[in-house]
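The values are calculated or read from the model by the stated rules, or taken from the named source; none is laboratory data. Just so we're clear, the structure is a prediction, and the values are computed from it rather than from any experiment. Note that each Cβ is placed from the backbone with ideal geometry, even for glycine, and that neighbours are counted across all protein chains shown.
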Amino acid sequence: MNVDALVGVGSSRKRSSQRARQVIAVGVAVLIAGLAVDLMRTHPCTNVAVREARIDLNTADAAQLCLLPEIGPAVARRIIDSRETQGLFARVADLRRVKGIGPATLAAVEPHAVCSVSEP
């Protein structure tokens, strides 16, 4: 066996090892990103904007309402529909009139929401 053949085998192993490390690194990155997304879904109040400022239930659009804990797109749409058909919310507890918002959801939302009462 000549030296060139041995060098080629070593280089092939080195490339395989580097490739394996790259695959593992990508896998770990995907796992971390997935965990971060799950964390934001289950604990949306970790969002800095929600912690530092409260969302006004009477002026917020659907995207802003979705920043509230336990509020998804369907419930956000029902909040807006309720606001338009039944009038502005006088207090955060008035969210109970919206289908899909029970005591647990209300308790999660209350620290992060306000109701400005202004005449249209």
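Do the conditions hold for Thr85, that is, is it part of a helix (DSSP H, G or I), at pLDDT 80 or above and either in contact with a Gly (Cβ under 9 Å, 6 or more places away or on another chain) or β-branched (Val, Ile, Thr) (or both)?
yes
Taking region 100-119 on its own, how many of its residues are charged (D, E, K, R) and surrounded by 12 or more Cβ atoms within 10 Å (Cβ to Cβ)?
So the answer is 1.
Among what's in region 52-66 and is outside any helix (DSSP H, G or I), closer than 19 Å to Ala93 by Cβ and without any contact (Cβ under 8 Å) to a residue 60 or more places away in the chain, pick the residue that is nearest to the chain's Cα centre (by Cα). Outline the logic, then answer.
Step one: list which residues in region 52-66 are outside any helix (DSSP H, G or I), which gives 53-61, 66.
Among the residues that remain, those that are also closer than 19 Å to Ala93 by Cβ are: 54-60.
From what's left, without any contact (Cβ under 8 Å) to a residue 60 or more places away in the chain: 55, 57, 59-60.
Working: Ile55: 16, Leu57: 19, Thr59: 21, Ala60: 17 Å.
The residue in question is Ile55.
So if I check each of Val28, Val92, which one is β-branched (Val, Ile, Thr) and either assigned by TED's automatic domain parsing to the domain that holds Ala108 or at pLDDT below 70 (or both)?
Val92
Within region 39-60, is there a residue that is more than 23 Å from Ala107 (Cβ to Cβ) and modelled with pLDDT of 65 or more?
No, because not a single residue in region 39-60 is more than 23 Å from Ala107 (Cβ to Cβ) and modelled with pLDDT of 65 or more.
Within region 88-120, count every residue that is without any contact (Cβ under 8 Å) to a residue 60 or more places away in the chain and in a loop (DSSP other than H, G, I, E, B).
Total satisfying the criteria: 13.
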